[in-house]
Each structure stands twice: as C-alpha cells, then as structure tokens.
Amino acid sequence: MRQLKLASRIDGIEESATLALNARVKQLAVEGKTIYNLTAGELACETPAFIQAAVAKTLHLNKYTPVAGLPELRQKIAAHARDFYQADWIQPANVVVTAGVKPALYASLLALVNPGDEVIVPSPAWVSYKHLIELVGGTMIETPLTDTFDLDPSTIADHITPKTKLVIINSPHNPTGAVFSDGALRELAERLKTTDIVVIADDIYTKLVFEDCTPLSTYGFNHLVIVNGFSKSQALTGWRIGYLIADEAVAAAVAKVLSHIMGNAAVPSQHAGLAALSHGDKPVMLDVLRVQRALVESGLRAIPKLKYTLPRGAFYFFIDIRAITKDSLSWCEQLLDETGVALVPGEAFGAPGFVRLSFVTDDAVLKSALRHIKQFVEKGPA
Ligand code: PMP
Ligand code: GLU
C-alpha cells in the first residue's frame, strides 16, 4: 500500500511523553516486572465516594448541555472562583466548562494565537505546551526559571517582541513543584501592564499547595485567562472535567470553537464537578501528600549527589542529577532496567540533567524506590 501523507502540522508532534511513559511502565508491571512507578501525574486514590454517589443519581441524563456547560455548574464555578481569587469580575458568562484542562488550553490558543505569534513559556515546562502552541501555528519561546525555579520577570520581559501574544504561567508548577513568589508575579504584572499580552494561568495544581500562597489572578494582570479543573484536586483525571475563566469575548470565542471540535463536556463529569464544588472543591489528598513529600525529602537528603528544591505545591520533586550526568534519558532507562524505579527524564520538560519524581504513590513504594535510587547512585555507572 502507498504511504499515506499526514498533514505537515503533525510532523513535529510527539505523544505526551508523560502519558506514554506512564503507560509503558504500567505495561511492564502487567508483564510481571516489579515496578516502582514514580511517573504518574495523577493521584493514586479512586473517585471520591461522595462524587460517585452524587453522579450515580444523574445517570439517566443523556442530552447535550450548552457547549459552555450546565448553567448551574458555570454559576457554581463563577461563585467559587470569585471567592477563591477575590475577583468580583468573574460571572457565569466568563466561564466555559471543558473536558479537562487540555481542551481549555487548546481552545484558548485557537481563539487567541495567530500563525507566527510567539508564546512565552517559562522553562522547564509541562510537556504539552510546546505541541499545543505549534498545533495553532504559534512559536514557543522558552525563558528559564531561576535556579530555585522561581519566575524570572526580567528575562521574560527581555524576550518580548512585537510578535508576543501570550505568556503561560503555571503555578504550582509542573515539573518542579515550585510556587512562584509574590514578588516575581507582581513584577511580571507590572511589566506587562502597558502591553496587550495575555497571561494564561494554568492553575490546575492551585489547590495542591503545602503553604499559603496568593492566587495568581490577584496580581492584576491586564488580560488573564485562567484554566483549571478537578483533575488534580478531586482525583478526577480520567473523568475529563475542567474549565476556563476569561473575559466575556474570549469565553464566547472559546465556546464557539468548542461547539465544533468538542461540544459539551460529558454530562456525568459535569455533575462530578458540581458535587466537588458543593464540597468547596477541597483537595482530597493534601494531608497524605504532605506526609509523602516529607518522606521523599528525607530519602533524598541521604543521597548527596542529588540536589533538589523542596516543592511547595503539586506532587513533584524535580531532581538535579547533573553531578552524575546530563543525560537523564539514559540514566532513567538504566535506573528502570536495573531497579524497576520509573522517573520521568527532564528532557520531556526541556531540562536534561534533571528527573521528575512524582510522590503520589503509597509510602511503601516510595520507601523502596528511594532505597533503590540510593543504591543505584552509590554504585555509580555500569
Ligand atoms: N496543565 C498541567 C500543568 C498539567 O500537569 C496537566 C496534566 N494533567 C494538564 C494541564 C492537563 O490537565 P487535564 O488532565 O485536566 O487535561
Ligand atoms: N500532566 C500530567 C503529567 O505531567 C499527566 C500526563 C499528561 O497529561 O501529560 O504527568
């Protein structure tokens, strides 16, 4: 058969490295290998019982909803967000419900980015931003975070050109677990004040913080699009339920785009969102995560060659292995082969010489994994 020619926009697109690795590691476990999977970008628990119970009562509902979501859900999201962000401007008309944060991001980019526009993304960065930006014909401009993974507003400002349309800010941050400092966020807002540059705040980890932090939108960004959802706070990754908050014109444009490419988010998932908000969208596993973070920290402290900055949010340590190698891909492969411990190589996030450790798994797995990592590092290269 003759080779089918795919559209050129697909040429540079790779499958999400984190999803692919997680699937591969799960497959190795199914095949019988003992695996310590520290790659996951999702909580380990099941759907919370109160959400299961609430959604069970709605399973007879089978009709399309408005593309932007059930009116009562948009209302609840708006009320919750007004309170959470202390932002009076957030009304139901500013909210669009989506099937997870990914479509919220993609539809925002479709609505805002022209081919040739530049989108600044502080780096290291979550795997999908680059591909989402390229799919809409934009160019990702990476600007480094500081050594302690804080936002660096002056470097961002240095990279602004007439083509700059957007800056994507993700705090708490994947893959580093950093929560960007007040000072840096205020300075960025100040520097963007005289521009028309839009800030997309990817707030998906915003409920998973181990210390108090001021939510992003209070910094007074001129043009702000917030994307958020229930994947991480409520352990609902597979349910695909998220939302976007933006000014009315952007929200309406996003809903128009979604009316063609997605339609409404699944009805049971919208009811799961309603149930979550009835409980204040309180994160389901924060206390457990706090204990697990301490456990990993004490394990890493015993391995002097590995450097880390304590994550203040999300559920990732981003570990500097440059004292050993810059080739984290090979290092992770070898670690997996020899010990069964699976980490995500920093290359997936544009940061060779680092590895991401996700601490969502149970204590016994974390303890064994850290013991294996210590032995592996002490043994040195094969
Ligand atoms: N943004 C970041 C920073 C993420 O880590 C993820 C991964 N879950 C997403 C967005 C996508 O979230 P969702 O699963 O709700 O689409
Ligand atoms: N965002 C999570 C992660 O970085 C889940 C996987 C994905 O969506 O890429 O691992």
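If you go through the range 202-242 and keep only what is closer than 23 Å to A111 by Cα and more than 16 Å from ligand 2 (Cβ to nearest atom), you end up with L216, S217, G220, F221, N222, H223, L224, V225, I226.
A Cβ distance below 9 Å, combined with a sequence gap of six or more or placement on separate chains, defines the contacts here; from the range 65-81, residues that are closer than 16 Å to D281 by Cβ reach residues that are of a type in the set (D, E) in the pairs H80/D281. On inspection, I51 does not qualify as within 16 Å of ligand 1 (Cβ to nearest atom) and in contact with a Phe, Trp or Tyr (Cβ under 6 Å, 6 or more places away or on another chain). Go through (1) over 27 Å from Q234 (Cα atoms); (2) surrounded by 15 or more Cβ atoms within 10 Å (Cβ to Cβ); (3) modelled with pLDDT under 95 and name the single condition I303 misses. Condition not satisfied by I303: (3).
Take D83 and decide whether it is closer than 29 Å to A252 by Cα, surrounded by fewer than 11 Cβ atoms within 10 Å (Cβ to Cβ) and modelled with pLDDT under 95. Judged against the criteria, D83 is not a match.
With the requirement that a residue be buried (at least 22 other Cβ atoms within 10 Å of the Cβ) and not charged (D, E, K, R), what does the range 64-80 give you? Full working, then the answer.
We begin by selecting, within the range 64-80, every residue buried (at least 22 other Cβ atoms within 10 Å of the Cβ); these are 68-69, 73-74, 77.
Correct list: A68, G69, L73, I77.
With respect to the stated conditions, E46 is closer than 30 Å to V355 by Cα and of a type outside the set (V, I, T).
Matching residues to (1) touching a helix residue (DSSP H, G or I) at 6+ places or on another chain (Cβ under 7 Å); (2) modelled with pLDDT of 95 or more; (3) loosely packed, with under 15 Cβ neighbours inside 10 Å:
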residue: S123; (1), (2), (3): no, yes, no
residue: Y129; (1), (2), (3): no, yes, no
residue: I133; (1), (2), (3): yes, yes, no
residue: G137; (1), (2), (3): no, yes, yes
residue: I141; (1), (2), (3): no, yes, no
residue: P144; (1), (2), (3): yes, yes, yes
residue: A157; (1), (2), (3): yes, yes, no
residue: K165; (1), (2), (3): yes, yes, no
residue: I168; (1), (2), (3): yes, yes, no
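Look at T98 and say whether it is surrounded by 24 or more Cβ atoms within 10 Å (Cβ to Cβ), polar (S, T, N, Q) and under 19 Å from I241 (Cα atoms). It is true that T98 is surrounded by 24 or more Cβ atoms within 10 Å (Cβ to Cβ), polar (S, T, N, Q) and under 19 Å from I241 (Cα atoms).
Cβ-Cβ distances below 6 Å connect the following pairs, each with a first residue in the range 98-116 that is closer than 13 Å to W126 by Cβ and at pLDDT 95 or above, a second residue that is β-branched (V, I, T) and buried (at least 20 other Cβ atoms within 10 Å of the Cβ), and a separation of six or more residues or different chains: V101/I204; V101/V227; L105/V227.
Among the conditions (1) surrounded by fewer than 23 Cβ atoms within 10 Å (Cβ to Cβ); (2) under 22 Å from K207 (Cβ atoms), the only one that H60 does not satisfy is (2).
The values are calculated or read from the model by the stated rules, or taken from the named source; none is laboratory data. What you see is a predicted model; the values in this text were computed from it and never measured. Heads up, the Cβs are rebuilt from the backbone with ideal geometry, glycines too, and the neighbour counts pull from every protein chain shown.
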